[in-house]
Amino acid sequence: MDHRVERLRTPAECASFARNAVAKNRPDLALEANRKSVNLNVATHEALTPLEADGFAAVYAYEALLTHRNGKKMRAASTWQDIKSRGIVAAITKVVSRRSQTDNRSELRAIGLEDLTFEAFVVRNEASFSADTVQLSKERLAVAA
């Protein structure tokens, strides 16, 4: 990681740095700043297990995607409500099971977070999910590749 990105301390600093890096034709630094922003956001949660931390990273990557797509700060409000009421595994199962799910992988690739899709999270942690959810995730990842 670049020393300039390592010095960033907040997600807001990361976002500002990423915008400036793109403006100065340094998309590599913008990608690193986006990744650092997700990691800083995950660090604000007291994840009890690595599974939870990985799940929070997927949600924050999705929020970064929404922000990038819409040009303003966006939150995954319904996903956070589901996480709070049902837990991370149940909430991500619900997200993956939606029929209207679109392929966000290419958009996440543009911001350097393609490995943080909900489907990739399910495949990495398949022991925690139902066989149907894992199969659906694998199919979507195969189509997106």
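Only the coordinates and a few stated rules stand behind these numbers; no lab work does. Only a predicted model underlies this, so the values are computations on that prediction, with no experimental measurement involved. Glycine also receives a Cβ, built like all others from the backbone with ideal geometry; neighbour counts cover every protein chain displayed.
Along the three principal axes, how long is the chain when you take its alpha carbons, biggest first, rounded to the nearest angstrom?
45, 33, 26
For a 24 Å ceiling on Cα separation, which of these pairs sit above it: Lys36/Lys94; Lys36/Lys72; Lys24/Lys72?
The pairs that break the limit, which is 24 Å between Cα atoms, are Lys36/Lys94.
Multiplying the sequence separation of Arg69 and Arg109 by 0.36 nm and subtracting their Cα-Cα distance, what value in nm do you get?
Gain on extension, Arg69 to Arg109, equals 13.1 nm.
Compute, for the chain, the length of the dipole vector about the Cα centre, with Cβ point charges of +1 (Lys, Arg) and -1 (Asp, Glu) only. Units Debye, rounded to 20.
Here the size comes out at about 560 debye.
Could you work out the local net charge near Asn20, counting Lys and Arg as +1, Asp and Glu as -1, over the other residues with Cβ closer than 12 Å to its Cβ?
With Lys, Arg at +1 and Asp, Glu at -1, the net is +3.
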